[in-house]
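The structure appears below as structure tokens.
The values are calculated or read from the model by the stated rules, or taken from the named source; none is laboratory data. No experiment lies behind these values; they were computed from the predicted model shown. Counting neighbours? That spans all protein chains shown, and the Cβs are built from the backbone with ideal geometry, glycine included. For the accessible areas, the whole protein counts, side chains as well, though only heavy atoms, and no ligand, DNA or RNA atoms are used. Shrake-Rupley method; radii C 1.70, N 1.55, O 1.52, S 1.80 Å.
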Amino acid sequence: MANLEELKGLKIACHGLSAKIVGALGAVPVAMPMPERYDAIQKGVAEGGVFPLEALKGWKLAEVVGSTTLNYGSAYTTGFFVVMNKEKWASLPADVQKIIEEINADGL
């Protein structure tokens, strides 16, 4: 996309505050959770999406999107994290804990 005018009428997968921003920019917000976005973009139900950069790898969205636009000023601002009860963590086998720690260290 070369300019914001190209957003007009595009179906963009998003939700919450992102949907309001997408609508204000002239695109059509298509509400859906992250697990549905890969198929939606691949099948043309949505023509793009609003999501954090790490979703290109973690949700494999790089396989179905042709380009990205970074917008640090007003775009995606939701933080993601995974938590676990300490007792549950302690009950996991050491090899499983190691796998989880390695995945977390991987980052982007």
Carbon plus sulfur fraction of accessible area for the chain, probe 1.4 Å, in percent: 59
Residue separation times 0.36 nm, minus the C-alpha to C-alpha distance between Val82 and Glu54: what's the value? 8.6 nm
Relative contact order computed over the chain (Cα-Cα under 8 Å; 6+ residues apart), in percent: 21
Full-extension gain between Asn71 and Ile99, please, as 0.36 nm times their residue separation minus the C-alpha to C-alpha distance. 6.8 nm
Would you check the accessible area of Val96, probe 1.4 Å, heavy atoms only, in square angstrom rounded to 10? 50
Quote the accessible area belonging to Ile103 in square angstrom, nearest 10, computed with a 1.4 Å probe and with ligands, DNA and RNA left uncounted. 110
Accessible area (Å², 1.4 Å probe, nearest 10) - Glu102: 100
Can you list, largest first and rounded to whole Å, the semi-axes you get for the chain by taking the square root of 5 times each eigenvalue of its Cα gyration tensor? 33, 14, 13
Of Lys20/Lys43; Lys57/Lys98; Lys60/Lys98; Lys43/Lys88, those spanning more than 28 Å from alpha-carbon to alpha-carbon: Lys43/Lys88
Computed over the chain, protein heavy atoms only, probe 1.4 angstrom, the accessible area per residue in square angstrom equals 73
Size of charge dipole - the chain - debye, nearest 20, with Cβ of Lys, Arg +1 and Asp, Glu -1, no other charges: 280
